[in-house]
Amino acid sequence: MPQNSVILVILGLVAVLGVVWALTLANERKRRDAIAAKALEMGLRFAEDAAYFVESAPPFKLFSRGRRRKARNLLSGSRSGIDITIADYQFTVSSGKNSHTHRQTICLLRARGTELPHCFLRREVALLDAIGERLGGQDIDFPEDPDFSRAFVLQGADPEATRRLFGGAVRTHLMRHAGTRIELEAGGDALLLHRGGRVKPDELRELLEHAAEAFRLLRQG
């Protein structure tokens, strides 16, 4: 290929990347502005850059994954003695020469005086989790609720305490989200919930209500 053609191809690629980058920035600004407006509507404070959150987050699984951990578009406040944090959280996982950045909108709730046993719940992946169980992976099942047991993997530092914690009302609430990429982790005074990806600004209230109801039911248990 002639040298001039090579230069034109390179310039074309640079131009395309520039357009993609500009569109990405524009979409992120649009998302930021929509979330800021939603925070005002929900009576919560908004912070675009929330680097401090990563340092103060509880020792949950999500916050120990990968590297380049960041939080942005953070909403915070309190209701009925519960501290609320909602944020766009991301981390990067590298494997050899490849890397992938995971992004999710998280809802973290904390209530002083609450002492929940540590537990972790996620969607069950039938084949992979069946192999995992055979290799010694933990999955707390409920013989009286096979649908829930098939839908989710549930783990806990104290299996019996976790089984008692996830009573019928908790399981019924969570089954409304069976088949989604929901992850829930709780322990001590905190609960963390996300859906495996970023939610739209108009879905932030729904995410908070989902997490708040799960937290309420777990605390009652």
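The values are calculated or read from the model by the stated rules, or taken from the named source; none is laboratory data. Everything quoted here is computed from the prediction, not taken from an experiment. All Cβ positions, even for glycine, are placed from backbone atoms using ideal geometry, and neighbour counts span all protein chains on display.
When restricted to residues that are more than 10 Å from Leu121 (Cβ to Cβ), touching a residue at least 12 places away in the same chain (Cβ under 8 Å) and not hydrophobic (A, V, I, L, M, F, W, C), the range 150-170 contains 7. In the range 125-136 there is no residue matching the filter, namely being of a type in the set (D, E, K, R), in contact (Cβ under 8 Å) with a residue 24 or more places away in the chain and outside any helix (DSSP H, G or I).
The residues of the range 40-78 that are among the aliphatic types (A, V, I, L, M) and in contact (Cβ under 8 Å) with a residue 60 or more places away in the chain, listed by number, are Met42, Leu62, Leu75.
Within the range 170-204, the set of residues being surrounded by 15 or more Cβ atoms within 10 Å (Cβ to Cβ) and part of a helix (DSSP H, G or I) comprises Val170, Arg171, His173, Leu174, Pro201, Leu204. Checking the structure you have, find out if any residue of the range 68-89 is acidic (Asp, Glu), buried (at least 16 other Cβ atoms within 10 Å of the Cβ) and either at pLDDT below 95 or part of a strand (DSSP E or B) (or both). Within the range 68-89 (the criterion being acidic (Asp, Glu), buried (at least 16 other Cβ atoms within 10 Å of the Cβ) and either at pLDDT below 95 or part of a strand (DSSP E or B) (or both)), the answer is yes, since at least one residue qualifies.
For residues in the range 205-221 being part of a helix (DSSP H, G or I) and over 17 Å from the mean Cα position of the chain (by Cα), which is nearest to Ile86 (Cα to Cα)?
Residues of the range 205-221 part of a helix (DSSP H, G or I): 205-220.
After this cut, where a residue has to be over 17 Å from the mean Cα position of the chain (by Cα) as well, the list is 216-220.
Details: Arg216: 17, Leu217: 20, Leu218: 19, Arg219: 20, Gln220: 23 Å.
Result: Arg216.
Report whether or not Gly136 is on the phi > 0 side of the Ramachandran plot and at pLDDT below 90. The answer is yes for Gly136.
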